[in-house]
Amino acid sequence: MSTTTLNAPASLAGLPPLADFRLGFRRSVISPVVVSGLVRASDFALIAALGAGLFYIYIGHTNLAASTPYFALCGLVGFLASVLFQASGLYAIPTLRSPVSQLSRLGLTWTSIFAALVAGVFFFKAGTEVSRVWLAVWFAIGAAGLLTSRTIVAACVRTWTQQGRLVRRAVLVGGGAEGEALLHRLESEETDIRICGVFDDRSEGRVGRLVAGYPKIGTVADLAEFSRNTRVDLVLLALPTRAEQRLLDILRSVMILPLDIKLSSLAAKLRLSPRAYSYIGGIPFLDVADRPIANWSTIQKWWFDKVIAVLALIALAPVMLITAFLIKRDSKGPVFFKQKRYGFNNELIEVYKFRSMYTDMSDANAAKLVSKGDPRVTKIGRFIRKSSIDELPQLFNVLKGELSLVGPRPHALQAKAADKLYQEAVDGYYARHKVKPGLTGWAQINGWRGETDTEEKIKKRVEHDLYYIDHWSVLLDLYILLKTPVALLQSENAY
């Protein structure tokens, strides 16, 4: 079933409160974790800056010994406020959405901090070292500043919520009694979940077109295509624990998706320790898989990619210009070659390369592997393929956001190991597309680069790709980038 044929109803009136049928909705997501973290950081900065600013206005410039206690208190109060606000639940998205609901907790916590501060000044007899007027003014202006900032944050959070950018869009797998019970329970809880629909392999005779008022969109096999056409964040599995084989079959299908996957324990008779569960509202779930790179990690990797890509383009510009000149001299045809490859979430992207083959022999889909002494490869093409200079234009793909500097290498559509397509040769092959593909990767620096003339070679490459996904960090990316030139010099199987 193709999700592109699905149409949103003209009106949402009468539909379940958690329903979200805007299937074409692909607006960028704002991570609630990042929003909470930014508000926490802004609270610290605001409180510390107000204290320091009032010090300069009221007390003025003074010697280092006299100013040190003031600056120390600015940092300490900012830190304590962010910690205690967190403990009071003041960084939860539902709380941030409404300034009125947080006024009492915000005021009480802020007052408690300054009450403790005044008591400390009195107890340690530091009244001569710290101005009480400064403290009083800081308390008052700080309260006004926090109220103003929270009012602005609340307006932003409400707007993002209305736009659907601060909710997690979920699909339910399993439309039986367990699925219905989970949907009803979700409706009774205050959560950030919006249900797009239900997926179930069973016929309409067993699972109807509506499950607790939510549409059955298709089978589990349709879920991968649906997640590419619609922004989905979470897969909720609602299956009886006795259906072990069915659960395993479904997991094989959904584990390749770059989504959070949770198994509902609502109907489970076996109860584990509360720490074994994660909760949506008060509903217990077992975490099956997490999105590999999410929240702050996404921001870290984005900045790493963009900054290094710009610096690399500047540094390598002479090499790229010389390469372009040599390609034009060596053979007729364009300098660049564009090729469709599988990218993040198995979406098709078009990557740039320096042309390394004769124009009339180009193989856009890589149906035939390039081998040693391949007559299709030009003289300069042999060198730039061996040295991977032909991949340098993909830095522009990095700037466009289609590739990352480091990740599983994107493969051409018809790439084969022996006589099998890669996805046929390796079970779970598409799991390597849970992150953006990269210019270089863990497999490449460990010797699994170049020709894949046997199934064993592509299996090893995928094995290393999955290791990278499970162990990603910025430091690992940096290590791979630094190791790549050495690996290129040692490589023997790239033609």
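Readers should treat all values here as calculations from the given coordinates under stated rules, not as data from a laboratory. Please read all numbers here as calculations on a predicted model, not as lab measurements. All Cβ positions, glycine included, derive from the backbone under ideal geometry; neighbour counts span all protein chains shown.
Odds and ends about this structure:
- Listing Glu244, Glu391, Glu225 from fewest to most neighbouring C-beta atoms within 10 Å gives Glu244, Glu225, Glu391.
- Think of it as helices only: each DSSP H run of n ≥ 4 in the chain is worth -39500 (n - 2.57), and spread over all residues that comes to -15000 deg cm²/dmol at 222 nm.
- Descending by average beta-carbon neighbour count within 10 Å, the peptides 178-189, 227-238 line up as 227-238, 178-189, the highest first.
- Separation in nanometres of the label points that stand 7 Å from Cα toward Cβ, at Glu189 and Thr219: 3.1
- Residue-count net charge about Ser82 - beta-carbon cut-off 12 Å; Lys, Arg +1, Asp, Glu -1: 0
- Sorted fewest first by neighbouring Cβ atoms within 10 angstrom, Phe325, Phe344 come out as Phe325, Phe344.
- FRET efficiency estimate (nearest 0.05) - Cβ-Cβ, Ala177 to Ser203, R0 22 angstrom: 0.85
- In nm, spacing of pseudo-spin labels at Ser473 and Ala315 (7 Å Cα→C-beta vector): 2.3
- Our estimate of slack between Thr454 and Ala49, defined as 0.36 nm per intervening residue step minus the Cα-Cα distance, is 139.6 nm.
- Options Gln444, Ala115, Val130, ranked by Cα towards positive dipole end of the chain, top entry (Cβ charges): Gln444
- The packing ranking of peptides 137-145, 429-437, highest mean first, is 429-437, 137-145, where packing means the average number of other beta carbon atoms within 10 angstrom of each residue.
- Each residue in Val319, Val377, Val133 was given a count of other beta-carbon atoms within 10 angstrom of its own, and listing them fewest first yields Val133, Val319, Val377.
- Given (1) 1.08; (2) 1.22; (3) 1.17, the label whose value is Cα Rg over 2.2 N^0.38 Å derived from this model: (2)
- If you plug the beta carbon distance of Ser362 and Ala41 into 1/(1 + (r/R0)^6) with R0 = 51 Å, you get a FRET efficiency near 0.50.
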